[in-house]
Amino acid sequence: MRPTPRRRFPGGRKAVVYAVLVHVVLVALVVIGVRWQAKPVSPTAVIQAQAVNDAEMQKEVQRRKREEAERAVAEAQRKRDQQERERQAAEAQRQAEQAKLAEQKRKADEKRKAVEAEQKRKDAQRQAEVQRKQAEAQHKKDAEARRQAAEQGLKEQLASEEKERADAQVKAEQQARAQSELARFEALIRQRVGNSWVNSGGWTQNMECLVHVRLIPTGEVIEATVVRSSGNAAFDRSAENAVYKASPLPLPEDKALFEHFRDFNFLFHPQERS
Amino acid sequence: MSKLQAVIKFVVLVALLSHVPPAAAILTIEITQGVEGGLPIAIVPFGVPDKERLPQDVSGVIEADLARSGRFTPIDRKLFVSHPTDDRQVVFKDWRIVKAEGLVIGSVKSAGQGRYQVEFRLYDIYKEKQLAGYSYTVEGDRLRAVAHQISDIIYEKLTGERGVFSTSIAYITRERAGKGFRYKLQKADADGYNPVTLLTSSEPLMSPAWSPDGTRIAYVSFEQRRPVLYVQNVMYGSRTRVADFNGINSAPAWSPDGTRLALTLSRDGNAEIYVMRLSDNSLTRLTHDPAIDTEPSWSPDGKEIVFTSDRGGRPQIYRMRADGSDVARVTFEGDYNACASYSPDGKSLTLVSGTQGRYHAALLQVSSSALQVLTDTPLDESPSFAPNGRMILYATERAGHGVLATVSSDGRVRQMLKFQEGDVREPAWSPFNRSTPN
């Protein structure tokens, strides 16, 4: 709201103008009234003048003059009263007008204010609506974004899971392949070494020795050494000999798989044929 | 597959699956099955100076010894790439080619005055190192003995067990002599060579039995027209009559400590088993059965005696405590089981097992009573274990003649021993020599 210093004296200037106008009117009325006394002629006055003598007539005239004067005065008075009343009425009317105007203005103000308020309310409402809509839109957008993000995340997760699964599968397959290759070559090696391990009848089931073996990629045994003895030198030697005699050992071509066989052990442990 | 084997395989599998670096969990491959057979061994003919004729083919004797044992398979000499006779000539690669597990080289040189110097070396072909090397200087007639000693050294180095090539066997021969027969108690090298006659008789001789120390042999002689039991000193030939009771005196068996003999006597009317204390010839009767009880044999710990009895209707093997208590039947398979004797480890018996008129040397696992027939010859008799338990000596028939044969105690390798003439029966393998090499 705009600050107005004279706000507490509304219409002050107008009142002064009115007062000046009223006085001007009054002065004008007095001036006009005086002229009026000398001038106006009434039809009745003409009739009376015919019936009176001179003196009498004079007197009459005088009296009439007086009466006339008195009447004039009264008239003036009445007029003045009238005017006063009129003025008052006018004033009242003016005041009423004014009040009415004020009322109207007030009402207008009120209305305006109401309108303004309404407008404001509406604006606010609209604003709120806009905001709400904006918020809603934002919310929607966010939600959408979230949804999309979530979807994306899910997709990514799924994709990544799928990839992981695929990777895992590939890895598992590779491992399984490696595993089966390892197992295959382990079996081949076991068979080859077993076939060169001569049991001439002296080994018993409580004999056991661990032979550490080093190979080169051609499968040639470059070292076979008992690292845990059976306690029987002949048995230990038979185990070492079996490994040497089996040289070269069958090996996978895959270099990575060969690594398993670069350095490994044989556990010689006779068992009854089942 | 045993549980242990399964566990080990599982562990190996887990170690593989866990994909840890080889350094952390090194691959271990378990070898549980080998091939049954003799160890392949290369025996290079021993070097001999030019034009020198030797009384014995030393390396040939060694090769035959090792082959007969069943523990070795000598590699065919035709496959040899080189023929080293001394250390500097050995190229190990040559012997890896033929997959040998041992290489034997050596030489025999005259040392003058009928003496010879024998040198030999045994090599580990893969470790490329010498396992044994000896030099002997002996009379020409001792060359076989040296060869057997070398065989024993090789056997022990490569199998971890004592060889029996320097031990002896005792047996009975029968030859035609005029209208009748001539019987001999002989002893020979374990391969049947170098026979020495300990006793000659025109009447049957039976059941030689070595004392545990190898110095005496107990036997039954019919020289008095009935069976009488003697103990004779192997080296000096002196003998003692230990059982000359009425009726049968037979089937002597030495207690493991050599102080007693178990034997069969019928002096009380029926063939029963007794134990005689040799210090005073006192007797203890162990069996009391109307059936025939005979052929006692002591367990190596001296706590039990097995014997043959027909108390069940047919001859079968029974076992009892050394005091005659707790008699129990041992054999259940076959129509006929007789002549049992313990292995040196006491875990098995060798015996004659008969089914449908065929009699085979067989092995009985004491713990399980599982019976394994070792031979395919039809009339085997008198099986006895070599002192290391790895071979069994028995008598059998070939072309109507009694001959001796050996079989590895897993039944894998059988070999006839060479004899010149007549029938050979009732063999008995001696204990280890008192004086053995290394």
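In the protein assembly as shown, with Lys and Arg counted as +1 and Asp and Glu as -1 at Cβ, which of these residues, B:Leu374, A:His23, A:Val61, has the Cα nearest the positive end of the dipole, that is, farthest along it?
Positive-end residue among those listed: A:Val61.
Where does helix B:58-69 land angle-wise versus the long Cα axis of chain B, in degrees 0 to 90, nearest 10?
In chain B, helix B:58-69 runs at an angle near 70 degrees to the longest axis.
Okay, helix-only estimate at 222 nm for chain B: each DSSP H run of n ≥ 4 adds -39500 (n - 2.57), divide by all residues, round to 500 deg cm²/dmol; what do you get?
On the way: 4 runs with 50 residues, N = 438.
That calculation yields -3500 deg cm²/dmol at 222 nm.
Skipping prolines and chain starts, which residues have an amide H placed within reach, meaning under 5 Å, of the one on B:Leu199, given they are 5 or more residues away or on another chain?
Counting only residues 5 or more places away or on other chains, the set is B:Leu185.
When we measure straight from the Cα of A:Lys111, which aspartates and glutamates land under 20 angstrom away, once same-chain ones fewer than 8 places off are left out?
The qualifying aspartates and glutamates are A:Glu97, A:Glu103, A:Asp123.
In the range B:289-337, which chymotrypsin sites (Phe, Trp or Tyr not before Pro) are in a loop and have at most 16 other Cβ atoms within 10 Å, using DSSP for the loop call? Before the final figure, lay out each step's value.
Working: sites: B:Trp298, B:Phe307, B:Tyr318, B:Phe332, B:Tyr336; in loops: B:Phe332.
Of the chymotrypsin sites (Phe, Trp or Tyr not before Pro), the ones in loops of the range B:289-337 whose Cβ has at most 16 other Cβ atoms within 10 Å are B:Phe332.
What do you get for Rg/Rh of the range B:287-327 when both radii come from the Cα atoms and Rh is the Kirkwood radius? It would help to have the intermediate numbers written out before the result.
Details: Rg = 9.8 Å, Rh = 10.2 Å.
Across the range B:287-327, the Cα-based Rg/Rh ratio is 0.96.
Can you pull out the GluC sites (Glu not before Pro) in the range A:168-267 that DSSP calls coil and that have at most 13 other Cβ atoms within 10 Å?
For GluC sites (Glu not before Pro) across the range A:168-267 that sit outside H, G, I, E and B with at most 13 neighbouring Cβ atoms in 10 Å, the list reads A:Glu220, A:Glu253.
Dividing the Cα radius of gyration by the Kirkwood radius, what Rg/Rh value follows for chain B?
Working: Rg = 25.0 Å, Rh = 24.1 Å.
For chain B, the value is 1.04.
For chain B, take the longest principal axis of its alpha carbons; what is the angle in degrees between that and the long axis of helix B:143-159, to the nearest 10 within 0 to 90?
70 degrees
Taking chain B as the reference, fit the longest principal axis to its C-alpha atoms, fit the long axis of helix B:3-17 to the helix C-alpha atoms, and give the angle between the two in degrees, 0 to 90, nearest 10.
10 degrees
What is the distance in Å between the Cα centroid of the range B:40-82 and that of the range B:88-132?
Rounded to whole Å, the Cα centres lie 10 Å apart.
Net charge near B:Ser166: determine it from the other residues with C-beta under 9 Å of the C-beta of B:Ser166, scoring Lys and Arg +1 and Asp and Glu -1.
On the way: positive: none; negative: B:Asp152, B:Asp189.
Surrounding charge for B:Ser166 is -2.
Given a cut-off of under 8 Å on Cα pairs at least six residues apart, what relative contact order in percent is computed for chain B?
Numbers: 1052 pairs, mean separation 42.6, N = 438.
Relative contact order here is 10 percent.
Thinking of the range B:339-438 as a set of Cα atoms, what percent of all their pairs are more than 15 Å apart? Display every interim value, and only then the final one.
On the way: 2950 of 4950 pairs.
I get 60 percent for the Cα pairs in the range B:339-438 exceeding 15 Å.
Let me see the pair-distance distribution of the protein assembly as shown: every alpha carbon pair, 20 Å bin width, integer percents in order.
Final binned percentages: 13, 28, 18, 7, 4, 4, 5, 6, 6, 5, 4, 1, 0.
Using the C-alpha atoms of the range B:126-181, what convex hull volume per residue, in cubic angstrom, is computed? Display every interim value, and only then the final one.
Details: hull volume 7.2 nm³, N = 56.
Dividing the Cα hull volume of the range B:126-181 by its residues yields 128 Å³.
With every atom except the alpha carbons ignored, what do you get for Rg and Dmax of the range B:113-157, in angstroms?
12.1, 40
Quick note: the coordinates plus some simple rules give every number you see, no bench work behind them. The shown structure was predicted, so the numbers you read here are calculated from the model rather than taken from an experiment. Positions of Cβ are backbone-derived with ideal geometry, glycine not excepted, and every protein chain shown enters the neighbour counts.
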